[in-house]
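*Asks:* If you scroll down you'll find the structure; I have some questions about it.
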Amino acid sequence: MTTTDEQVRTAVLRATGLTAGYGGRPSISDLDLEVRPGEVVALLGPNGAGKTTTLLTLAGELPAMAGEVELGGERTGAPLHVRARKGLSFVPEERSVFPSLSTQDNLRVGGVDVEAALELFPDLRKRLRVRGGLLSGGEQQMLTLARALGRRPEVLLVDELSLGLAPLIVGRLLDAVRAAADRGCGVLLVEQHVRQALRIADRGYVLRQGRVVLQDTAAALLDRIDEIESEYLAGPQVAAS
Ligand code: ATP
């Protein structure tokens with residue numbers, strides 16, 4: 001993508017001066033970020049830096065204490081179900097398949113075309129009649145992602161999709177995220193596998209103590225990954241004050 005293309009593309013999701021937290025205490029402060037259609041943006045940072053808080057606030061699960069969120073160019077303070085109707089899909093950190101429903105019914109309940117989901121993740125074909133709770137961790141996350149993408153979102157927020165999964169499965173999940181972006185979806189991705197995330201990302205933000213301390217293209221961040229890992233991504237962080 002050229003710089004000119006980037007400039008004319010309106011952000012599908014934008015945060016301006018966003019501050020949010022818990023019990024009146026901010027965990028993220030004065031955050032500016034944007035996601036444009038067709039790009040994967042990685043949100044990086046050590047434990048406690050505020051990545052999940054950022055996604056929850058952008059999704060409408062946590063109210064902003066200050067600042068603005070724009071979805072599709074319109075300012076919003078609406079809860080998640082309203083943002084979902086406006087094209088936002090949120091994959092939270094906790095696994096979110098229905099454990100007592102079969103894979104097939106999990107897809108149907110999510111309003112997802114089963115064949116389209118199988119095209120995305122062929123591994124699920126032989127597991128269609130298996131209950132969600134009996135799927136492996138990787139299969140559950142494929143199902144979760146298939147449900148989120150099956151709604152053809154304009155914006156996808158993903159929190160730690162690959163927690164505890166083998167690198168091969170992580171790769172497949174991230175490839176599906178990249179493919180969704182290539183079809184025009186704007187993706188904001190929180191991912192503990194930083195290098196793998198940056199390989200499929202276009203840009204990235206690094207958060208530290210609730211603030212953006214670094215932002216660049218994914219290629220530039222990958223070039224400096226050793227420095228970034230030792231300087232920004234090591235060790236737990238305390239909340240912004
Ligand atoms: P991790 O990589 O460990 O998931 P994170 O970057 O996603 O970390 P957050 O989970 O957003 O970070 O946490 C940011 C700060 O907010 C931390 O100091 C955390 O202790 C605090 N925090 C998170 N959730 C809550 C909560 N429900 N109540 C109070 N404080 C919270």
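The values are calculated or read from the model by the stated rules, or taken from the named source; none is laboratory data. Just so you know, these numbers come straight off a predicted model, no measurement behind them. For neighbour counting, all protein chains shown are included, and Cβ atoms are generated from backbone atoms with ideal geometry for every residue, glycine included.
*Asks:* Would you check if Ala181 is under 30 Å from Ser29 (Cβ atoms), out of contact with any helix residue (DSSP H, G or I) (no Cβ under 6 Å at 6 or more places or on another chain) and either at pLDDT below 95 or not aliphatic (A, V, I, L, M) (or both)?
*Replies:* Numbers: under 30 Å from Ser29 (Cβ atoms): yes; out of contact with any helix residue (DSSP H, G or I) (no Cβ under 6 Å at 6 or more places or on another chain): yes; either at pLDDT below 95 or not aliphatic (A, V, I, L, M) (or both): no.
Taking the combined requirement at face value, the residue does not satisfy it.
*Asks:* Hey, another quick one. Starting from the stretch 12-30, keep only residues that are more than 17 Å from Thr76 (Cβ to Cβ), then list their pairs with residues that are near the ligand (Cβ under 9 Å from one of its atoms) and of a type in the set (Val, Ile, Thr) whose Cβ atoms are within a distance under 7 Å, requiring at least 6 positions of separation or different chains.
*Replies:* Final answer for the pair search is Gly21/Ile28; Gly21/Thr53; Ser27/Thr53; Ile28/Thr53; Ile28/Thr54.
*Asks:* Still on this structure, I have one more. Which of (1) within 16 Å of the ligand (Cβ to nearest atom); (2) at pLDDT below 95 does Val190 not meet, given it meets every other one?
*Replies:* In the conditions (1) within 16 Å of the ligand (Cβ to nearest atom); (2) at pLDDT below 95, Val190 misses (2) alone.
*Asks:* With respect to Ala181, determine if the residue is more than 16 Å from the ligand (Cβ to nearest atom), buried (at least 20 other Cβ atoms within 10 Å of the Cβ) and either charged (D, E, K, R) or not in a strand (DSSP E or B) (or both).
*Replies:* Considered against the rule, which asks whether it is more than 16 Å from the ligand (Cβ to nearest atom), buried (at least 20 other Cβ atoms within 10 Å of the Cβ) and either charged (D, E, K, R) or not in a strand (DSSP E or B) (or both), Ala181 comes out as yes.
*Asks:* Let me ask you something else. Has the stretch 208-222 got any residue that is polar (S, T, N, Q), part of a loop (DSSP other than H, G, I, E, B), within 16 Å of the ligand (Cβ to nearest atom) and surrounded by fewer than 18 Cβ atoms within 10 Å (Cβ to Cβ)?
*Replies:* no
*Asks:* Given the stretch 2-108, what helices (runs of 4 or more DSSP H) lie entirely inside it while holding 3 or more residues that are within 16 Å of the ligand (Cβ to nearest atom) and either at pLDDT 95 or above or surrounded by 13 or more Cβ atoms within 10 Å (Cβ to Cβ) (or both)?
*Replies:* Working: elements: 3-8, 51-59, 80-85.
Result: 51-59.
*Asks:* Turning to a different aspect of this structure: If you take the residues in the stretch 110-128 that are part of a helix (DSSP H, G or I) and not aliphatic (A, V, I, L, M), which one is surrounded by the most Cβ atoms within 10 Å (Cβ to Cβ)? Write out each step before concluding.
*Replies:* So in the stretch 110-128, the residues part of a helix (DSSP H, G or I) come out as 114-120, 122-127.
Pick out the ones that are also not aliphatic (A, V, I, L, M) and you get 115, 119, 122-123, 125-127.
Working: Glu115: 10, Glu119: 11, Pro122: 11, Asp123: 15, Arg125: 13, Lys126: 10, Arg127: 19.
Out of the qualifying residues, it is Arg127.
*Asks:* Follow-up question, since we're still on this one. Cβ contacts < 7 Å: first residue more than 18 Å from Ala166 (Cβ to Cβ) and touching a residue at least 12 places away in the same chain (Cβ under 8 Å), restricted to the stretch 123-143; second residue loosely packed, with under 15 Cβ neighbours inside 10 Å and not acidic (Asp, Glu), any location; separation 6+ or different chain. Result?
*Replies:* Arg131/Pro99; Arg131/Ser100; Gly132/Pro99; Gly133/Pro99; Gly133/Ser100
*Asks:* I'm told Gln196 meets every condition in (1) without any contact (Cβ under 8 Å) to a residue 40 or more places away in the chain; (2) surrounded by fewer than 16 Cβ atoms within 10 Å (Cβ to Cβ); (3) not small (Gly, Ala, Ser) except one. Can you identify the failing condition by its number?
*Replies:* (2) is the only condition that Gln196 fails.
*Asks:* Could you count how many residues in the stretch 134-167 are surrounded by fewer than 18 Cβ atoms within 10 Å (Cβ to Cβ), at pLDDT below 95 and not in a loop (DSSP other than H, G, I, E, B)?
*Replies:* Here the count works out to 2.
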